[in-house]
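The values are calculated or read from the model by the stated rules, or taken from the named source; none is laboratory data. The structure presented is a predicted model; accordingly, all values stated were derived computationally and were not measured. No Cβ is skipped: glycine too gets one built from the backbone with ideal geometry, and neighbour counts run over all protein chains shown. Calculation scope for accessible area: heavy atoms of the full protein, side chains included, ligands and nucleic acids excluded. Shrake-Rupley method; radii C 1.70, N 1.55, O 1.52, S 1.80 Å.
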Amino acid sequence: MPELLRRFAIPYRTAFIIGPLTKLIEVLFDLATPLVIAHMVDAGIAAGDVSSVLRDGALLAVMALVAILIVLICQKMAARASMGIGTALRGALYRHINRLSCEDAEAFGTPSLVTRCTSDVNQIQLAVALAIRQLVRWPFLAAGSVIAAMLIDVRLGAAFLVAIVLVAAAFFVVMRRSIPLFVRVQEGLDAVARIVREGLSGARVVRALGRGGYERERLVRAVDAQVESSIEVGAWSSTLNPVTLLVMNLAVCAVLALGGIRVDAGELTQGDVVAFVNYATQALLSIVYVANLAIVFNKAQASARRVIEVLDA
């Protein structure tokens, strides 16, 4: 993937700079929001000060409007870069394929070349768009939320860190099993496309020789193998979100229980507990999104290797 970006991302340097910078500003707003809410709870709601609640509410509204504008700018940068790189990559692949010798083209196979120009490039496009839109946001939000939560209360933060370790362990297990399957899925697409192409281009020969049943069985076997690989990788990938959300909700319950005891003891305010829960939720959700990004980037890396094989042939 980095090699492809070095080749094709140079015209879109501005998008790769402006997009992440806007997301960094959005992260700062996200990290400031729980503090504003905590002040609203302690200085406004608990004290019965309506004007303080209105001021904090107006501040939250302004922050939300600015965040919407920032998101629109980032979305435009991501769309421009991803679609531009995808277009350039398809053009380069098509031109290079037309210059390949017959021997090299046959070594790859027409169905495989078609899959690499379509499905693999689409996967790379998706990774580029998500890299601009999300790669800065979620890791920085996770790190900032953890630091802010620890600054509020170290003892509550200890329970919070246990949840992060559990999520990281689940992520490691899923990634270790899923990454090899991504390559198998793409290879299965090649096999299905090859058999379909052979059946369509040689339909008259197949009928003349009475081999229709044999060709159907070939296609069924290839499709079944592709389905099996897709289900297996989907099963592993789909376990990540439920596990992380379960851990997150249990962690929030633990924080509320422990935080309530600390509030009764006068060691924390209600606003501190609300802010801590917000930071804990943000951090754990960020880890979930980082895990999903890792899945997309691993798929893109597998597709990038297949594209580079053609470009370097």
### Task
Give me the pairs, please: first residue somewhere in the range 286-305 and touching a residue at least 24 places away in the same chain (Cβ under 8 Å), second residue anywhere and of a type in the set (D, E, K, R) and crowded, with 18+ Cβ neighbours inside 10 Å, beta-carbon distance under 7 Å, and either six or more positions apart or on two chains.
S303/D120
### Query
Filter the range 276-313 for residues that are closer than 30 Å to I97 by Cβ, polar (S, T, N, Q) and modelled with pLDDT of 80 or more; which is least open to solvent (accessible area, probe 1.4 Å)?
S303
### Summary
Sole miss for G212 among (1) open to solvent by 30 Å² or more (accessible area, probe 1.4 Å); (2) free of Cβ contacts under 8 Å to residues at least 24 places away in the same chain; (3) farther than 23 Å from Y289 by Cα is condition (1)
### Task
Would you mention how many residues in the range 231-249 are over 30 Å from Q282 (Cβ atoms) and modelled with pLDDT of 80 or more?
1
### Qualifying position, being assigned to a helix (DSSP H, G or I), buried (at least 20 other Cβ atoms within 10 Å of the Cβ) and more than 28 Å from the chain's Cα centre (by Cα), among V273, V263, V255
V273
### Query
Looking only at the range 115-129, which residues are more than 14 Å from L5 (Cα to Cα) and surrounded by fewer than 22 Cβ atoms within 10 Å (Cβ to Cβ)?
C117, T118, S119, N122
## Note on the structure
Residues of the range 86-100 being in a helix (DSSP H, G or I) and among the aliphatic types (A, V, I, L, M), in sequence order, are A88, L89, A92, L93, I97
### Query
What is the number of the single condition among (1) more than 15 Å from V307 (Cβ to Cβ); (2) open to solvent by 30 Å² or more (accessible area, probe 1.4 Å); (3) of a type in the set (A, V, I, L, M, F, W, C) that A149 does not meet?
(2)
### Message
Considering only residues that are open to solvent by less than 70 Å² (accessible area, probe 1.4 Å) and free of Cβ contacts under 8 Å to residues at least 24 places away in the same chain, which ones fall in the range 162-178?
### Response
A169
### Candidates A38, A88, A47, filtered to the one that is within 30 Å of D120 (Cβ to Cβ) and either at pLDDT below 85 or open to solvent by less than 60 Å² (accessible area, probe 1.4 Å) (or both)
A88
